[in-house]
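Below: one structure, written as structure tokens.
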Amino acid sequence: SSDLSVAQFMGRQTRLSHNSCGLVGYPNVGKSTLFNALTRTQIAQAANYPFCTIEPNVAKVAVPDDRLVKLGQLAESQKVVFGQLEIVDIAGLIRGASQGAGLGNQFLSNIRSVAVVLQVIRCFEDPDVLYVDNLAKLDSVQEMEIIRTELLLSDLDVVTKRLESAARKAKNDKEMMKVADVAQKALKELEQGHPARNVILEPEEQAIFQTLQLITAKPVLYILNVDPEKAATGNSLSEAVQKKLVEEGGGSSLVVSAKLEEEAASMRLGVSDEAEADALQEEYLAAAGLKQTGLNQVIQACSQLLNQQCYYTVGPTESRSWFIEKGIKAPEAAGVIHSDFEKGFICAEVSKFSDWAQHGSESALK
């Protein structure tokens, strides 16, 4: 909604909603390059050989928000603090990862810990970039399906073991019987080749289902990594993936050139003025036909897939956005700032962003 609330709370943040997004895919598809651009750092070793990212790199990225900027200006805040997402660069998966190939078990474990899967798919030809799995030619759709299969097989293994364990204990434990029932539902979908997000659950089964930590139950954003020259239009490889997603009933995807985005982000290096750095980056991307960074699109899409919204705290010291899960109640929303606010919650003074923008201050609203 463009008409989010501004709530007057004071305090410090001690509890965050789970908002991590993991970059996954084949080796050498551009995950670390994209990570570098997203985080405007060079901490990921974007090297041209498989498994150069063994331990996942983790970084926080700010979620751009024009409304927060406007509120900060109106309140004459000393600083503006954007909400953040956690981006995790997970090492490349290959065929057979679910059986441990390429350190697959370790990498799959890292994927289970994130809330959203960002599957990066190679949609660019480059003879200098190694390609694994000995495919006769680059096939982006096949690459997508191989990774999907490995994630599904990994979930199938997890559910099978959990079902066996729960079934043994179910005779004398009613809770384990419930776990076995949920695991059986998940197993049925997975055995048919369907992701776990297709499982139909009763409300009381949701919590049990979450304990399974199934990768294919997580929302997915497909990032189609193209050549810099095709960043604005896409190419035949990205179009083939998008066509496949449409045939399957739809799936979130974005066309991005990780190389172009990293080059554009590097324009910011050494520039202390944020506005000037933004202008340099935008000018570089405009030359490639882009009106905004692909990175901003990725960040915004992640925020939507996390099923989150935000509210703002505004004042002369700082204006800040706080991410909350959609549908939670006001006391829980206050608890994101500090747990004491949830425990001692009485009420919140809330006003609409549009009213702030129109009237200019809290006092003018009263």
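Annotations for the structure displayed:
- Qualifying residues in segment 63-84 (those that are hydrophobic (A, V, I, L, M, F, W, C) and surrounded by 15 or more Cβ atoms within 10 Å (Cβ to Cβ)) - the one modelled with the lowest pLDDT: Val63
- Residue match in segment 23-41 (condition: modelled with pLDDT of 50 or more and aromatic (Phe, Trp, Tyr)): yes
- Pick from segment 167-194, criterion within 26 Å of the chain's Cα centre (by Cα) and assigned to a loop (DSSP other than H, G, I, E, B), ranking: nearest to Ala115 (Cα to Cα): His194
- Residue that is farthest from the chain's Cα centre (by Cα) [pool: residues in segment 138-166 that are surrounded by fewer than 20 Cβ atoms within 10 Å (Cβ to Cβ) and acidic (Asp, Glu)]: Glu164
- Residues of segment 341-364 satisfying the condition of being under 29 Å from the mean Cα position of the chain (by Cα) and charged (D, E, K, R): Glu342, Lys352
- Counting only helices (runs of 4 or more DSSP H) that sit wholly inside segment 195-281, those with at least 3 residues that are surrounded by fewer than 19 Cβ atoms within 10 Å (Cβ to Cβ) are 206-211, 236-247.
- Scanning segment 316-362 for residues being in a loop (DSSP other than H, G, I, E, B), surrounded by 15 or more Cβ atoms within 10 Å (Cβ to Cβ) and not hydrophobic (A, V, I, L, M, F, W, C) gives a total of 1.
The values are calculated or read from the model by the stated rules, or taken from the named source; none is laboratory data. These numbers come from a predicted model, not from an experiment. With ideal geometry, Cβ positions are generated from the backbone for all residues, glycine too; neighbour counts draw on all protein chains shown.
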